[in-house]
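*Asks:* Here it is, the structure in full.
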Amino acid sequence: TPSNATELGELADNILGSGSQLTPEQKTAAADMLVEGLTEKMKDSDKKKMTADEVRKIDEALYEAYGLSRILPSIDFDDEIEGGDIINEGATDFYGILAAAGVNSAMLGEDPQIETELRQLTATSSNARERIVRFRVNLIVNGEPVQLKSPILMYIGMPATFRASYDPSKYTYTGTHIHSDETSEKFTPIFEDNGGTCLIMANSFSEFVISQ
């Protein structure tokens, strides 16, 4: 069973390769090894060092091997949030959900219900020029919130008002991950598509704030 990012990546490549000689049964067995290696064998310190490309590749391999449709996040928002301040659902996607939920072939035989829920929260600032996007994320398995067993890569579609004012030459952008125990840590948000999408790597789900 692989236990580091290099070995996991090689196994994912074997599943995804166009010239793969693996049978469907072998792909399923390889996917089970991927999940076990990532969630049980890999050190937590190494999980935190995983790159976006590594998380995305493993995620794509698991969907391929298990023959599943992508699990897209459901998005809701506080009533006070309107129009151009709403997160762009079409540009929002998560990678790593299957592994984070601990999915394997045995679990799939029980037809689990797996969901990701994103709720955009009302954000206020004393600075009228500051744009703040605040949201909470949960991974739900069979109706119950669960902790992540492995990293998640989130693509957050930024609201139209944020995109309109996006200017890295003028503003400094910061991210804050507020944990369930009320502690927090800063991170540097990565933007694509001229501020249209924000990439966030997370090892746990709770509340996130992106500010300009």
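The values are calculated or read from the model by the stated rules, or taken from the named source; none is laboratory data. Just so you know, these numbers come straight off a predicted model, no measurement behind them. When we count neighbours, we look across all protein chains shown, and the Cβ atoms used for this are built from the backbone with ideal geometry, even at glycine. These accessible areas exclude ligands, DNA and RNA; they are computed on the full protein's heavy atoms, side chains included. Shrake-Rupley method; radii C 1.70, N 1.55, O 1.52, S 1.80 Å.
*Asks:* Quick test for you: out of D76, D53, D85, D59, pick the one residue that is at pLDDT 95 or above, open to solvent by less than 80 Å² (accessible area, probe 1.4 Å) and touching a helix residue (DSSP H, G or I) at 6+ places or on another chain (Cβ under 9 Å).
*Replies:* D59
*Asks:* Within region 96-122, track down each residue that is under 30 Å from T161 (Cα atoms) and open to solvent by 40 Å² or more (accessible area, probe 1.4 Å).
*Replies:* Those that are under 30 Å from T161 (Cα atoms) and open to solvent by 40 Å² or more (accessible area, probe 1.4 Å): E115, E117, R119, T122.
*Asks:* What pairs come up if the first residue lies in region 104-119 and is over 19 Å from K27 (Cα atoms) and touching a residue at least 40 places away in the same chain (Cβ under 8 Å), the second is open to solvent by less than 70 Å² (accessible area, probe 1.4 Å) and charged (D, E, K, R), and their beta carbons are under 9 Å apart, counting only those six or more places apart or on different chains?
*Replies:* Cβ pairs passing all conditions: R119/D78.
*Asks:* Out of the residues in region 177-212 meeting the condition of being crowded, with 16+ Cβ neighbours inside 10 Å and without any contact (Cβ under 8 Å) to a residue 40 or more places away in the chain, tell me which one is nearest to F162 (Cα to Cα).
*Replies:* G195
*Asks:* Now for a separate question. In this structure, is G143 small (G, A, S) and at positive phi?
*Replies:* Yes; evaluated as a whole, the condition is true for this residue.
*Asks:* If the requirement is being in contact (Cβ under 8 Å) with a residue 40 or more places away in the chain, surrounded by fewer than 19 Cβ atoms within 10 Å (Cβ to Cβ) and outside any helix (DSSP H, G or I), which of these qualifies: T1, T39?
*Replies:* Exactly one residue qualifies, and that residue is T1.
*Asks:* Look at T161 and say whether it is open to solvent by 20 Å² or more (accessible area, probe 1.4 Å) and in contact with a helix residue (DSSP H, G or I) (Cβ under 7 Å, 6 or more places away or on another chain).
*Replies:* Yes: the conditions hold for T161.
*Asks:* Right, here's the next one. For the condition at pLDDT 95 or above, assigned to a loop (DSSP other than H, G, I, E, B) and small (G, A, S), what is the one hit in S150, S180?
*Replies:* S150
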